[in-house]
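Following: one structure in structure tokens, then a few remarks.
The values are calculated or read from the model by the stated rules, or taken from the named source; none is laboratory data. Computed from a predicted model, the values in this text were never measured in an experiment. No Cβ is skipped: glycine too gets one built from the backbone with ideal geometry, and neighbour counts run over all protein chains shown.
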Amino acid sequence: MDEKLLIVGINHRTAPVAVRERLAYGDGEIVATLGRLKDRAPALAETALISTCNRVEIVGVAADPARAIDEATSFLAADREVDAALFAGALYRFEGRDAVHHLFRVGASLDSMVVGEPQILGQLKLSYGYAAEAGTAGLVLHRAFHRAFSVAKRVRKATLIGRGSVSVSSAAVRLAGQIFDTLSDKTVMLMGAGQMAELTARQLHALGAETLLVTSRTFDHAVALARALGGTAVPFESHRPYLKIADIVIGSLSAARPVLEPDDFEAVLRERRYRPIFLIDLGVPRNFDERLNALENVYLYDIDDLGSVVTESVSERAREADKAETIVADALASFMRWMNGLDLVPAIKDIRVSIEQLRDTELGRHRAWLAALEPSERQRIEALTRTLVNKLLHRILAGLRSTGASSPDPAYTAEIARRLLCGELAPEGPALGGTAANLDFEMDLDSDDDEEP
Amino acid sequence: MDTIWLPPALVCYALSAVGFVAGRTANRPRWTDQAVPLLGAAVLFHTLDLVFGALRAGNIPVTNFAQSLSFLAWLTAIVSFVLISRMRMQVLGSFVAPGVLAAVSAAMLLTRRGRLVIPDSLRSAWLPVHVTLAFLGDALFVVAAGVSLAYLVYESRLKAKRPMTPVGQTMPSLEKLDRINYRLLGWGFVMLSLAIVSGALWAEATWGHFWSWEPQESWSLITWLLYAALLESRIAAGWRGRRAAALTLAVFTVLLGSFLSVSLLFPGKHGGSFG
């Protein structure tokens, strides 16, 4: 009866991309896969599948987690036609509390390659959506995923985990945003064609920079790149006049000597009427003389400067991650209370039924005597016994809930309580299902641990 | 001379100043968010204080240094509040709110030093017009100085390769700070010019001469020339950014000096001793 959440999978820390890509599923395949998984892994009562570029995980609920994990693992191997030995070493398996903890951490972007990156929450929501669509998400998964979303939201709100730039190109783009108010009227000039430079130019373009000039030592390269990025090619020999209109210059040339020097750049600045210019030097050796930074309204960042901006953001995110872990731990504790409460549900139902039966039997035994009484007296006796039973039940159930929720093995606690209170009358353990009595009880437990509906 | 509305205004100013400064230094965007309505509430209370003060005095209440300070702080708070709520210039709060708080506190302490009655000769429709224009100009220059200070701080951080990490979305770009500085200077200059013209016309109507070279008049002319030069340097020579911000601050110190010295050291007609 003791159902547990479980997670089995691989991620960027345990498996290289060569392994991850063999197991990964496309978005379109997931619903069908969940259907197959349901057939082939009968030990899993509920399932969901998370597949992103950094992780492939099966999230499930099972009464026998060990068996369910084995079934899920062999399903993965068979379904993806991969030798299980290929990923066996990379596989992690979480059960119960650990599984919930892992799910919450994933959602809060604490398990991401770039801690704090915001995409994972959307991916998790998609995974949940597929499970709901496939009909493989039940009571526990619904609750677990929704909790994971609210934890993620709380972490975003209460910590600065998503702050700062964690890649060189995004740091450059963010700095451009600190210098310029809008990029739409700005001109970007790309000198040379390094991968990082191209990425930066692309991002600036995507953020609204309309005019893009591309220059390169070989004009053909410039033309090809300009076509790819939607810009205009400029011959390298005649790039100088264009500096007058360029607001962001990205340097990525392989040059032994800097192509921009402070002496002749002064003239450019005067012609620009001192409009600010952002020089992003991604070249090694550097393309722009570092003394340019001292000129008025010139902001020069070389690759190391950008790197240190990134490092600072990364370490700040790490600090914020500690705060996030506390939030996750709180949510975990409250979720586990709910999970444990779930184990008590059948026992509570049995106890309630058996005590109600006790009352009915006793009343039945005295039927003849009761019938002889005045109607008002009879009603009184019925009311009295009902109150007595209800008060007794309330006391027992409240005690059971509080001890059960904190006990390490709530199912065992529940069983003892049932044996004590139901005796021979106990009907054989009903399956955990969606009866009205059960749902009532769940709502009950809900109310004390939920801040966000 | 102050009314019962000044203490609540002061409390709101203090809370909003704390919110702005602490929000920025402790990276708590929510504190900054809460400081904005507090500033609005402070302005509201302050407005009530001035309205009741004006009703009691029978005209615009700027007859002594304390009242002038309070009036200037009020206009500065309004200009800042508009910029903060309309142009998302939350950063201004941490520069301006403490200054406004200090000015209002000083006004409250000084205001006990008796009251001055406006002589009948000056009770005219020119008074509120002239005074409001002059103080609005000053307030715009105060805020321009705050914006320039923010510019210089951000700019030096950027140059030093230690850029600020924005908290929330409230960090304006250098370009925006520069543009707002320019606009504030422009409007401030317009107000100052109109104040001088209205003052001259009023003087003509009252005393029969436009200009009498009393301290405030001379200083106004000097600051007017300095601000004119500042605007000219931007329009003609394209001085902008850091240089413009530094000059704005420099000219502002002259303005501040003239405001204090005229009020405290050489009180002519403007300083409260109406000759």
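May I ask you to say which residue of B:69, B:75, B:55, B:15 is at pLDDT below 90, more than 14 Å from chain A (Cβ to nearest Cβ), touching a Leu at 6+ places or on another chain (Cβ under 8 Å) and assigned to a helix (DSSP H, G or I)?
Of B:69, B:75, B:55, B:15, the one residue that is at pLDDT below 90, more than 14 Å from chain A (Cβ to nearest Cβ), touching a Leu at 6+ places or on another chain (Cβ under 8 Å) and assigned to a helix (DSSP H, G or I) is B:69.
Evaluate segment A:314-327: report whether one residue or more is over 20 Å from the mean Cα position of the chain (by Cα) and either of a type outside the set (Asp, Glu) or modelled with pLDDT of 90 or more (or both).
yes
Tell me, yes or no, whether segment A:259-279 has at least one residue that is surrounded by 22 or more Cβ atoms within 10 Å (Cβ to Cβ) and over 28 Å from residue B:236 (Cβ atoms).
The answer is no, given that none of the residues of segment A:259-279 is surrounded by 22 or more Cβ atoms within 10 Å (Cβ to Cβ) and over 28 Å from residue B:236 (Cβ atoms).
Take the conditions under 24 Å from residue A:180 (Cα atoms), out of contact with any Ser or Thr (no Cβ under 6 Å at 6 or more places or on another chain), of a type outside the set (Lys, Arg) and more than 14 Å from chain B (Cβ to nearest Cβ) and apply them to residue A:235. Does it pass? Show your work before the answer.
On the way: under 24 Å from residue A:180 (Cα atoms): no; out of contact with any Ser or Thr (no Cβ under 6 Å at 6 or more places or on another chain): yes; of a type outside the set (Lys, Arg): yes; more than 14 Å from chain B (Cβ to nearest Cβ): yes.
No.
Which condition number in (1) more than 12 Å from the chain's Cα centre (by Cα); (2) touching a residue at least 12 places away in the same chain (Cβ under 8 Å); (3) surrounded by 16 or more Cβ atoms within 10 Å (Cβ to Cβ) is the one that residue A:53 fails?
(3)
Which ones in segment B:1-57 are among the β-branched types (Val, Ile, Thr) and in contact with an Asp or Glu (Cβ under 6 Å, 6 or more places away or on another chain)?
B:3
Among A:170, A:109, which is the only one that is surrounded by 22 or more Cβ atoms within 10 Å (Cβ to Cβ) and of a type in the set (S, T, N, Q)? Please lay out each step first, then the result.
Values: A:170 fails: surrounded by 22 or more Cβ atoms within 10 Å (Cβ to Cβ).
Result: A:109 is the single residue among A:170, A:109 that is surrounded by 22 or more Cβ atoms within 10 Å (Cβ to Cβ) and of a type in the set (S, T, N, Q).
In a helix (DSSP H, G or I) and closer than 30 Å to residue A:208 by Cβ: is that true of residue A:152 in this structure? Please lay out each step first, then the result.
On the way: in a helix (DSSP H, G or I): yes; closer than 30 Å to residue A:208 by Cβ: yes.
Yes, satisfied.
Given (1) buried (at least 23 other Cβ atoms within 10 Å of the Cβ); (2) within 14 Å of chain B (Cβ to nearest Cβ); (3) at pLDDT 90 or above, identify the lone condition not met by residue A:188.
With (1) buried (at least 23 other Cβ atoms within 10 Å of the Cβ); (2) within 14 Å of chain B (Cβ to nearest Cβ); (3) at pLDDT 90 or above applied to residue A:188, the lone miss is (2).
Got a sec? Which of A:166, A:268 is of a type in the set (A, V, I, L, M, F, W, C) and part of a helix (DSSP H, G or I)?
Working: A:166 fails: part of a helix (DSSP H, G or I).
Selected residue: A:268, the only one of A:166, A:268 that is of a type in the set (A, V, I, L, M, F, W, C) and part of a helix (DSSP H, G or I).
Do we have any residue at all in segment A:324-341 that's within 14 Å of chain B (Cβ to nearest Cβ) and not acidic (Asp, Glu)?
No - not one qualifying residue is present in segment A:324-341.
Please work out if residue B:224 is crowded, with 16+ Cβ neighbours inside 10 Å, away from chain A (no Cβ under 13 Å) and free of Cβ contacts under 8 Å to residues at least 40 places away in the same chain. Please lay out each step first, then the result.
Numbers: crowded, with 16+ Cβ neighbours inside 10 Å: yes; away from chain A (no Cβ under 13 Å): yes; free of Cβ contacts under 8 Å to residues at least 40 places away in the same chain: yes.
Answer is yes for this residue.
Look at residue A:249 and say whether it is assigned to a strand (DSSP E or B) and either at pLDDT 90 or above or surrounded by 17 or more Cβ atoms within 10 Å (Cβ to Cβ) (or both).
Yes: the conditions hold for residue A:249.
So which of A:115, A:140, A:100 ends up being over 23 Å from residue A:2 (Cα atoms) and surrounded by 16 or more Cβ atoms within 10 Å (Cβ to Cβ)?
Answer to the check: A:115.
Hand me the list of helices (runs of 4 or more DSSP H) wholly inside segment A:300-413 holding 2 or more residues that are touching a Lys or Arg at 6+ places or on another chain (Cβ under 7 Å). Please lay out each step first, then the result.
Values: elements: A:303-365, A:367-371, A:375-406.
Result: A:303-365, A:375-406.
Taking segment A:280-304 on its own, how many of its residues are surrounded by fewer than 20 Cβ atoms within 10 Å (Cβ to Cβ), among the charged types (D, E, K, R) and within 11 Å of another protein chain (Cβ to nearest Cβ)?
Final tally of qualifying residues: 3.
Checking the conditions here, which among B:136, B:158 is in a helix (DSSP H, G or I), modelled with pLDDT of 90 or more and within 12 Å of chain A (Cβ to nearest Cβ)?
After ruling out the rest, the residue left standing is B:158.
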